[in-house]
Amino acid sequence: MIREMPSVRILGSTVHLLSVPEIVALMERWIAERPARCRHIVVTGFHGLWVAHNDPSFKAILRAADLWVPDGIAPVWIARSAGHRNVHRVPGADLMRAFFEVADKRGYRSFFFGDTDETLGALRAQLEVTYPGHTVAGTFSPPFRPVTPKEDEDHIRMINQAKPDVVWVGLGLPKQDCWIHDHRDRLEAPIAVSVGAAFMFLAGKVKRAPAWVGNIGLEWLWRLTHEPRKLWRRSLLDGPQFVVHVVAERLGLRQYT
C-alpha cells in the first residue's frame with residue numbers, strides 16, 4: 001500500500017484521502033507504467049472498516065492493497081475530526097464515471113467481473129452509448145457458488161485474453177477484495193478495483209441517493225429504505241457498534257492495531 005498519501009487511521013486500517021480526479025490521475029499513471037503486479041484499489045466505507053475490524057485476515061488483505069479510498073461518509077467525518085480538510089467521499093459509481101470520461105478520450109479498456117448477466121448487459125449498453133471511446137473489453141458473471149480450480153483458471157485466462165487496462169470487480173464485500181487479492185499475481189491488467197453495487201447503479205438497476213443525501217451522511221438511510229432485507233443488519237446493528245469503537249479510538253480510550 002502506498003504510504004506517502006494523505007490518510008487517516010481508523011480501527012487499525014489506513015484510508016487514503018484522495019479526490020476522485022487524483023485517483024483517476026494515479027490510475028492513468030499505473031496504466032502507463034504497466035506494473036509487474038496488478039494494483040489493487042479498495043473502495044469501501046464503514047462496512048469494510050467494520051468487517052476488517054472483526055476479521056484480522058480480511059484486514060490484512062485490505063492493508064495489502066495499493067489504495068483504499070472512502071466510499072461512504074463515515075471515514076470522511078472521521079478524517080475531518082482528525083484535522084484533515086477538503087476530504088470527500090469516493091463512491092464507486094462516481095469513480096467509475098470519472099475514469100470512463102478519461103477513458104473515452106484515451107481509449108482505455110475495462111473488464112467487468114461480477115453481478116448478473118442482466119446487470120452486465122445493461123451496463124455495457126449504457127457505457128457503449130455514453131462513452132463510445134472507452135472499450136468494454138469483456139464482462140462475466142461468475143456462478144453464485146464456489147468455483148472449481150479449472151473454472152477459476154478459465155476465468156483468469158478469459159480476463160487476460162481481453163487485455164483490459166482495469167478490471168472492475170462487483171462481487172460484494174468481502175468477497176470482491178478477497179478475489180482480487182487471491183488473483184492479482186495472475187491478472188495481467190494494471191489495475192483491479194472493487195466497487196460493490198456500482199455496476200447496478202450505472203446500469204440503472206438500482207436508484208442512487210441524490211448527491212446531497214450522501215453528502216449529509218444519510219445515504220445509508222436511503223439505501224435501507226430501498227433494500228431493507230439486504231442492509232438492515234449493517235445499518236441498524238453494525239453501524240452503532242462501529243460508532244462506539246470509533247469514539248473510543250478518537251478519545252484514546254482504546255488502541256486498534
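We did not get these values from a lab; they are worked out from the coordinates using the rules stated. Nothing here was measured: the structure is a model prediction, and the numbers come from that model. Virtual Cβ from ideal backbone geometry, glycine too; neighbours counted across all protein chains shown.
The aspartates and glutamates within cross-link reach of K207, meaning a Cα-to-Cα straight distance under 15 Å and a gap of 8 or more places when in the same chain, are D94, E219, E227. Cross-link partners for K59 among the aspartates and glutamates, with Cα-Cα distance under 18 Å and sequence neighbours closer than 8 places in the same chain left out: D71, D177, D182, D238, E249. Taking 24 Å as the straight-line reach from the Cα of K163, the lysines in range (excluding those fewer than 8 positions away in the same chain) are K105, K150, K175. Within the listed set L236, L202, L123, the residue fluctuating most in the Gaussian network model of the chain (springs between alpha-carbon atoms under 10 angstrom) is L236. With helices as the sole contributors, the chain gives -14500 deg cm²/dmol at 222 nm; each DSSP H run of n ≥ 4 counts as -39500 (n - 2.57), and the sum is divided by every residue.
Ordered by the count of other Cβ atoms within 10 Å of each Cβ, fewest first, V15, V51, V129 give V129, V51, V15. Secondary structure note: in the chain, about 15% of the DSSP beta bridges are antiparallel. Determine the distance separating the Cα centre of the range 108-134 from the Cα centre of the range 15-66; give it in Å without decimals. That distance is 22 Å.
Cβ crowding within 10 Å, taken as a proxy for footprinting-reagent exposure, orders K150, K59, K163 from fewest neighbours to most as K150, K163, K59. Mind pulling the angle between the C-alpha long axis of helix 20-33 and the longest principal axis of the chain? Nearest 10 degrees, somewhere in 0 to 90. That helix lies at roughly 40 degrees to the long axis.
For the chain, take the longest principal axis of its alpha carbons; what is the angle in degrees between that and the long axis of helix 92-106, to the nearest 10 within 0 to 90? Once rounded, one gets 40 degrees. Tilt of helix 149-162 relative to the longest C-alpha principal axis of the chain, in degrees (0 to 90, nearest 10)? That works out to roughly 70 degrees. Which of Q176, Q241, Q126 ends up with the largest GNM mean-square fluctuation for the chain, with Cα atoms connected below 10 Å? Fluctuation is largest for Q241. In plain terms, the chain from R29 to A60 could stretch by 8.6 nm, reckoned as 0.36 nm per residue minus the Cα-Cα distance. Can you bin the range 39-96 into rounded, prolate or oblate? Criterion: square roots of the alpha carbon gyration tensor eigenvalues sorted a ≥ b ≥ c, rounded for a/c under 1.5, prolate for a/b above b/c, oblate for the rest. Since a/c reaches 1.5 but b/c is at least a/b, the shape of the range 39-96 is classed as oblate.
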